[in-house]
Amino acid sequence: MSNNQEAVGRTRDEMAERVALDIPDGSYVNLGIGIPELIAKYVPAGREFIYHTENGLLGMGPPPEEGGGEPELINAGKRRVTVVPGASYFHHADSFAMIRGGHLDLCVLGALQVAQNGDLANWSTGQPDAIPAVGGAMDLVAGVKQIFVVTQHCTKQGEPKLVEACTYPLTGLGVVNRVYTDLAVIEISERGFQLVELSPGVDFDYVQARTGAPLLAIE
Amino acid sequence: MSNNQEAVGRTRDEMAERVALDIPDGSYVNLGIGIPELIAKYVPAGREFIYHTENGLLGMGPPPEEGGGEPELINAGKRRVTVVPGASYFHHADSFAMIRGGHLDLCVLGALQVAQNGDLANWSTGQPDAIPAVGGAMDLVAGVKQIFVVTQHCTKQGEPKLVEACTYPLTGLGVVNRVYTDLAVIEISERGFQLVELSPGVDFDYVQARTGAPLLAIE
Amino acid sequence: MINKQIAGTAEAVADVFDGATIMIGGFGEAGSPIELIHALIDQGATNLTVVNNNTGGGEVGLAALIKAGRVSKMICSFPRTANSTVFPKLYHSGATKLELVPQGTLAERIRAGGAGIPAFYTATSVGTPLEEGKERRTIDGRDYVLEYGLTGDFALIRGRMADRYGNVLYNKTARNFSPVMAMACKTTIVQVEDVVDGGELDPEAVVTPGIFVNRVVEQKNPAYESVLIADGVSYP
Amino acid sequence: MINKQIAGTAEAVADVFDGATIMIGGFGEAGSPIELIHALIDQGATNLTVVNNNTGGGEVGLAALIKAGRVSKMICSFPRTANSTVFPKLYHSGATKLELVPQGTLAERIRAGGAGIPAFYTATSVGTPLEEGKERRTIDGRDYVLEYGLTGDFALIRGRMADRYGNVLYNKTARNFSPVMAMACKTTIVQVEDVVDGGELDPEAVVTPGIFVNRVVEQKNPAYESVLIADGVSYP
């Protein structure tokens, strides 16, 4: 693993745009904090997605203009948002009933590690002095029909985030369906990491070298 | 037991009025079908009760004028009702959350039998050919803070309804707090049926003769 | 573009299959989706398990579905009602089975089904004949029984108003079981008197968010069971 | 006559006792009942267990209560927030304990507490470190953990509007945990910008029915955490 991040593959915005391409029209989608939030900017033409934010809003719209918005209209990341026509507000138990009851089509989350069996670690680095904080991540991965992860392929230190087995504390067991990174799109298959697509200018070996478990080539 | 009902003690309306006297101001009250429904007519001066009907309304008002009302504004007995200021509608799970969660102060129900330990039977005579039907009775007795029973002291056949042990299928175990009959007001105490008050013109022996378990005199 | 509006009741129930579990909203006639039920009778699906608080009245709506022999099992809390004459015959003949569930347990089981809660404990029915077959557990000194979440294949619901996103408002006590049934079924079909434009419903006042609704049918001037019965109507 | 309106925040929290469990509404600053919390700081109750999704920001509201040393235990899902500087110190010193609960499990445990459900099963946290100490059960082939209902002595809540019966409406995403907390506490205290006459709220749109509310305080122009922090306010 190298320690410097080469300027290859997709940018954060390009990763977000790539994820959006795979979301079917009419989907109910929960977007995690970070790169997932950017997805809302890239709804493909002719499609309509309904964004859910677990603090109690279905029909979340884009952020207000800088300095605008209201302190009591926020998303799960506690940032100000807007609402679109057809929106509804509800309390937390109802909001997580949507999540736990399998009513959301898709959740896109960040990750610390994804294992080849779909295990996800994204809430804690397990450092003994860190204050643990989990939020809604465990509820989302346990309840939402499909879990996409969007993340840099490696950590800032160049360590692979796609691994044989997670070493960080787990968020959920076998929950991830697909991973979108700066380098590739990878499906979690019965046999492990199945390459779906390489980012422009990236080749198989380059991705495999930065992946902590075998990568299955496109057949 | 005699087979003829003497015209002694309280009428149905007088029983309802007597119950109402014991309901504290500001109480949240669920009224069962039959005599309990009559209680709503007798709110003592200076008090305000909020009536709950388990099909989804808090702030139930009196019945509309004959032939009036709406088919979709009904009570648990499926009769048309009205709403008072401060009312709210909610769904069945929320309505029974109020009941099960102990938020209602009082429920007044009819009974087939009440045992001296507070066991209540009011949903089934246990006849093998009868179609069983329970409605919300078991939820109400399990959840509401206080359960009052208002009933004729004896069946039409002159059999006591206040008994040593219920022979009909139970609605709940040890749930009844007080019984209001045409003949008396009786508290379910640790020691059994404790007389609280005799109806006008009724004496202790008369009530005891019509009660299937020892009646404790007022000390 | 998301548009859940369907042209008519026949189209809305076209894919109901034999053996399906159908949750039908309504408490007595309040909130009973009569036109959707009649469309289901016309459609022909049979061997249905139906979840409703009651068993319908007269020979219209749910009672007509039962009378037509389409219901092999009822899950309800109160199968007796003043006007309920159809169910008793089929119950006694064994043609229609009955699972009797206390009303609040029924509501909570449906809510649990919709909320991804497979099972929960409640004090309701402890020590009664309806405890039979249930697991008992003592928690903090009180006895409870274990109850399981209930889900369905289709929910048939009657609301007052909806938009193309499937957001629904109800009418007074017609709300009853419908919001939790909408949560608990794979396909939720709602008939409303008015379909309004997206954005016309106040987001603070929406009762059933569109995520729980799959199909919306506009049914102007819906029938009321009591009126049909008074008019001597027998469906079909 | 029922009238739940109380003159001021000090009177509203006067009977909070040492060792009480307090549920505090709000997700971040949205719905945080800052004036009620400040009144509680003035009142002096200590050794409190506080239930909130977070641990407050800056040195106002919940963070100020924690800083004042009144909170011996936090039950929350996300004790870290951008502006959360107070809790870490007390957590590391051991002065304030933490029970970490996944957000949806927290909401459902509170709802269960309010609904008389002593315990329920959920798939959330299965196979993770947060499963530790929980009973596991397989239902229909899937693993779940047993979670217990959560109740409190007092709920402090911020709404938009209420009437004398205690019916409450909220403001947008400020609703969050408040409706279930109102259900789960013995005494629920709500601050609202406007107390309106009984009958002014649409019964179809009431979010928290008055049965769940004990005290209503009118608090015109309530503060916002972000504004106080930007202004450098530290309470008291």
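The values are calculated or read from the model by the stated rules, or taken from the named source; none is laboratory data. Note that this is a predicted model, so its numbers are computed, not measured. Methodologically, a virtual Cβ is constructed for each residue, glycine included, from the backbone with ideal geometry; neighbour enumeration extends over all protein chains shown.
One line per residue, one yes/no per condition, for (1) closer than 23 Å to C:GLY127 by Cα; (2) of a type in the set (Ser, Thr, Tyr); (3) assigned to a helix (DSSP H, G or I); (4) touching a residue at least 60 places away in the same chain (Cβ under 8 Å):
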position	(1), (2), (3), (4)
C:GLU147	yes, no, no, no
C:LEU150	yes, no, no, yes
C:ARG160	no, no, no, no
C:TYR165	no, yes, no, yes
C:ASN176	no, no, no, yes
C:PRO179	no, no, yes, no
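Considering only the stretch A:11-57, state which residues are within 13 Å of another protein chain (Cβ to nearest Cβ) and under 19 Å from A:ALA137 (Cβ atoms).
A:TYR28, A:VAL29, A:ASN30, A:GLY32, A:ILE33, A:TYR51, A:HIS52, A:THR53, A:GLU54, A:ASN55, A:GLY56, A:LEU57 - these are the residues of the stretch A:11-57 that are within 13 Å of another protein chain (Cβ to nearest Cβ) and under 19 Å from A:ALA137 (Cβ atoms).
Does B:ILE99 satisfy the condition of being within 12 Å of chain D (Cβ to nearest Cβ), touching a Cys at 6+ places or on another chain (Cβ under 9 Å), among the hydrophobic types (A, V, I, L, M, F, W, C) and on the phi < 0 side of the Ramachandran plot?
Values: within 12 Å of chain D (Cβ to nearest Cβ): yes; touching a Cys at 6+ places or on another chain (Cβ under 9 Å): yes; among the hydrophobic types (A, V, I, L, M, F, W, C): yes; on the phi < 0 side of the Ramachandran plot: yes.
When the stated conditions are applied, B:ILE99 passes them.
Being at the interface with another protein chain (Cβ under 7 Å from one of its Cβ atoms) and over 19 Å from the mean Cα position of the chain (by Cα) is the filter; apply it to the stretch D:151-167 and report the residue that is nearest to D:VAL217 (Cα to Cα).
So, considering only residues that are at the interface with another protein chain (Cβ under 7 Å from one of its Cβ atoms) and over 19 Å from the mean Cα position of the chain (by Cα), the one nearest to D:VAL217 (Cα to Cα) is D:ASP163.
Given the criterion of a type in the set (Val, Ile, Thr) and surrounded by 24 or more Cβ atoms within 10 Å (Cβ to Cβ), identify the matching residue among D:ILE139, D:ILE110.
Every option except D:ILE110 fails the conditions.
Do any strands (runs of 3 or more DSSP E) entirely within the stretch B:130-219 hold 3 or more residues that are among the hydrophobic types (A, V, I, L, M, F, W, C) and touching a strand residue (DSSP E or B) at 6+ places or on another chain (Cβ under 6 Å), and if so, which?
By residue number, B:146-150, B:184-189, B:192-198.
Among what's in the stretch C:118-145 and is among the charged types (D, E, K, R) and either out of contact with any Lys or Arg (no Cβ under 7 Å at 6 or more places or on another chain) or not in a strand (DSSP E or B) (or both), pick the residue that is nearest to D:THR151 (Cα to Cα). Break it down stepwise before answering.
Pass one, the stretch C:118-145, residues among the charged types (D, E, K, R): C:131-132, C:134-137, C:140, C:142-143.
Applying the additional criterion that residues be either out of contact with any Lys or Arg (no Cβ under 7 Å at 6 or more places or on another chain) or not in a strand (DSSP E or B) (or both) yields C:131-132, C:134-137, C:140, C:142.
Values: C:GLU131: 26, C:GLU132: 30, C:LYS134: 26, C:GLU135: 24, C:ARG136: 22, C:ARG137: 20, C:ASP140: 13, C:ARG142: 16 Å.
So the residue we want is C:ASP140.
Only one residue in C:VAL50, C:VAL86 is without any contact (Cβ under 8 Å) to a residue 60 or more places away in the chain, away from chain B (no Cβ under 14 Å) and buried (at least 21 other Cβ atoms within 10 Å of the Cβ), so which one is that?
C:VAL50
Quick check, is B:LEU38 within 30 Å of C:GLY25 (Cα to Cα), at pLDDT 95 or above, surrounded by 16 or more Cβ atoms within 10 Å (Cβ to Cβ) and of a type outside the set (Phe, Trp, Tyr)? Give the derivation first.
Details: within 30 Å of C:GLY25 (Cα to Cα): yes; at pLDDT 95 or above: no; surrounded by 16 or more Cβ atoms within 10 Å (Cβ to Cβ): yes; of a type outside the set (Phe, Trp, Tyr): yes.
In short, no.
Checking the conditions here, which among B:LEU31, B:LEU58, B:LEU38 is among the hydrophobic types (A, V, I, L, M, F, W, C) and under 24 Å from A:ASP94 (Cβ atoms)?
Selected residue: B:LEU58, the only one of B:LEU31, B:LEU58, B:LEU38 that is among the hydrophobic types (A, V, I, L, M, F, W, C) and under 24 Å from A:ASP94 (Cβ atoms).
Just to be sure before I move on: is A:PRO132 within 14 Å of chain D (Cβ to nearest Cβ) and surrounded by fewer than 24 Cβ atoms within 10 Å (Cβ to Cβ) in the structure I sent?
For A:PRO132, the condition - within 14 Å of chain D (Cβ to nearest Cβ) and surrounded by fewer than 24 Cβ atoms within 10 Å (Cβ to Cβ) - is met.
What residue, among those in the stretch D:182-205 that are surrounded by 24 or more Cβ atoms within 10 Å (Cβ to Cβ) and not in a strand (DSSP E or B), is nearest to the chain's Cα centre (by Cα)?
Looking at residues that are surrounded by 24 or more Cβ atoms within 10 Å (Cβ to Cβ) and not in a strand (DSSP E or B), I get D:ALA182.
Which residues, taken from the stretch D:71-83, are surrounded by fewer than 19 Cβ atoms within 10 Å (Cβ to Cβ), within 11 Å of chain A (Cβ to nearest Cβ) and of a type in the set (Gly, Ala, Ser)?
Correct list: D:ALA82 only.
Give the residues of the stretch D:122-150 that are more than 21 Å from D:ILE110 (Cα to Cα) and within 9 Å of chain A (Cβ to nearest Cβ), sorted by residue number. Steps first, answer last, please.
So in the stretch D:122-150, the residues more than 21 Å from D:ILE110 (Cα to Cα) come out as D:127-129, D:137-143.
Of everything in the stretch D:122-150, those that are more than 21 Å from D:ILE110 (Cα to Cα) and within 9 Å of chain A (Cβ to nearest Cβ) turn out to be D:GLY127, D:THR128, D:PRO129, D:ASP143.
Consider the stretch C:212-236. How many of its residues are surrounded by 23 or more Cβ atoms within 10 Å (Cβ to Cβ) and in a helix (DSSP H, G or I)?
2
Does B:GLY69 meet the test of being among the small types (Gly, Ala, Ser), over 22 Å from B:VAL144 (Cβ atoms) and buried (at least 16 other Cβ atoms within 10 Å of the Cβ)?
Numbers: among the small types (Gly, Ala, Ser): yes; over 22 Å from B:VAL144 (Cβ atoms): yes; buried (at least 16 other Cβ atoms within 10 Å of the Cβ): no.
Here the answer is no, as B:GLY69 does not meet what is asked.
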